[in-house]
Structure formats: structure tokens, C-alpha cells
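Remarks on the structure that follows.
The values are calculated or read from the model by the stated rules, or taken from the named source; none is laboratory data. Because the structure is predicted, anything quoted here is derived from the model rather than measured. All Cβ positions, even for glycine, are placed from backbone atoms using ideal geometry, and neighbour counts span all protein chains on display. To get the accessible areas, we keep the full protein, side chains included, count just its heavy atoms, and leave off ligands, DNA and RNA. Shrake-Rupley method; radii C 1.70, N 1.55, O 1.52, S 1.80 Å.
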Amino acid sequence: MTALIRTGLLALAFCALSLPAQRAQATENADRLEAFLTATGFDVALESIKLSASDAPAMIGLEADDFGLQWSTLVDEVFDTELMHDMAIDILSQTLEDDLLNHAVEFYTSELGSRLVVVENASHMKDDDDLKQESGQAIVAGLVKIGSPRVEELKRLNNAVGSEDASIHAIYEVQVRFLMAAAAAGVIDLPMDEEDLRQSLAQQEGEMRRSMQVAGLAASAYTYQSFSDDEISAYADALEHPKMQDVYALMNAVQFEIMADRYEAMALGMSKLQPSQEL
């Protein structure tokens, strides 16, 4: 046996031995990411993206009913839960560092963290936003009336899970990508280019910022109404930790990227259901 052949066989043997280890490592990483999604409730947050699908027609001056019975079928296909889950796993596998994953899981599997995830999951999947907002605003009004410090702690929570600037930018990006995709698919006749569209949306920033502040505070007041003031403060402290800030920045980026991608797919699907309309 020549040295070259012997070296080649040894290399093949090494590869054969290393493949099971690589598979085991990949499985372990996947299991850790699955645990992260479940522990933090991010899996439910991703699933709830589907509830926003009803907002898509409104962006082009239509309503979901205008698309008839095929609308629900399209929504189920585009916002497929397993598909969005796999997209998140793929992105997180390349971006989520172990120390950040461990930090988030450690908190959200604690007694307080576990209880928080339960109410957050329920809030994500509650599709009656009007009732949630009405109840939340009533709670806030009551807290303000008695001068409760809880209002400021709820604001801390909202600020900690994502800056307004980043959220507004992400929402605009979703709108731009959806409208441009809808125009390209012939769903709408868009009388402006992308730069003009971005400038037009930017002019609405002040109003959007105020609406987000009011809606966010009401939603938090409603969601966390069963928690004590001390628990709300403890949660705010946990969310303000630098590692948790990094975790939420990443989760927000992943969620908005998946939303934008699915809205682009929605625009293409709508082209098969609805003739072109002028915007």
C-alpha cells in the first residue's frame, strides 16, 4: 500500500468517524434552539405573525373580504407556522450566541419567567385587539388617576424589549417591501418609486410613534395585570440587562425579517386572487 493511498484511506476513515459527531452536534444545537423558542415564547410570537395578515389588504385600500373565500387559504399557505419556525431556526443558528441563549433561557425558565411567558403567549394569540386595547387603556387610566408608579415601570418594559426607532424602522421596512412586491406583482398601480415611498412613510413617523406608545402601554397593562408592582419592576430589571437587550434586538430583527418575507409572498399570492387596483 503506497503512502498516498494509505493517507487517503485514513482521511476517509476520519471523515466517516467525524460525521456522527457532526450530526450529534447539529442535533444538539437544534434542540437548544427549540428549547430557546419554547422557553422565551418566541415560537408563539412567530405564530402570531399570521394574525397580522388581515392588515395587508388595508395597506392597498382593500379588505380581506374583497378576496373572497380564497383569502383564508392564502393566509394559511403564506403564514405556515412550520415554515416560519424553520426560518427562525435557520437565522438563529447563525446569529444567536450560546451565552445569550443560556442567559435568556435561565430567566424564562425561572418561576417568574415561566409565569410571564404564559400570559405573553396568551396575549400574542388573542386576536381581539380592540378589547385588549380598551381594557388596557382603562387600566392605565385608573393607574394614572391614583398616581401609581406602575405606569412608569410598564413603560420601562416596553422600552426594554425594543427601541421605538428600531420598531418604526422595521414596520416601515415591512410596508415598503410589501407595497413594492404588490406593485411588481400587478396587485396595485404604485405611482411612486421606492425612495418616494420611504419619504412618504417617514412623514407619518410622529403619528405612528404616538400611536405605538399608547397602544404598547395599554397592551402591557392588560397583559401583566395579574403581576405585582415588584414583579413588574423585576421583569424590567431583567430585560434591561445587556445580554437580554442583545437577545431582544436579535429576536425583533428575526421576527420583522420573517414578517417582511411573508408579506412579500402575500403580495405575490394576492396577484392571483385580485385584479390590479389603483393605490
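Worth a mention:
- Listed residue (A260, V119, M212) projecting farthest to the positive dipole end of the chain, Cβ model: V119
- The range 156-279 shape via C-alpha gyration tensor axes, a/c threshold 1.5: prolate
- Listed residue (S110, L69, F79) projecting farthest to the positive dipole end of the chain, Cβ model: S110
- Under 22 Å from the Cα of K155 - lysines, other chains or at least 8 residues apart: K126, K132, K145, K243
- About the Cα centre, charge dipole magnitude for the range 126-279 (Lys/Arg +1, Asp/Glu -1 at Cβ), debye: 300
- Taking the chain and dividing mean pair separation by its residue count, relative contact order in percent (alpha carbons under 8 Å, at least six apart): 30
- For the peptides 56-68, 254-266, residues were scored by their other Cβ atoms within 10 Å and the scores averaged per peptide; the highest-first order is 254-266, 56-68.
- Accessible area of T73 in the full protein assembly, 1.4 Å probe (Å², nearest 10): 70
- The residue list I146, I232, S135 was ranked by how far each Cα lies along the charge dipole of the range 126-241 toward its positive end, using unit charges on Cβ atoms, and I146 comes out on top.
- Solvent-accessible ranking of L83, L154, largest area first, probe 1.4 Å: L83, L154
- Placing +1 on the Cβ of every Lys and Arg and -1 on the Cβ of every Asp and Glu, with nothing else charged, gives the range 225-264 a dipole about its Cα centre of roughly 160 debye.
- Dipole magnitude (debye, nearest 20) for the chain, charges at Cβ of Lys, Arg, Asp, Glu: 540
- Expected 222 nm ellipticity per residue - DSSP helices of 4 or more, -39500 (n - 2.57), all of the chain, to 500: -25000 deg cm²/dmol
- Alpha-carbon centroids, the range 245-272 and the range 54-82: separation in whole Å: 15
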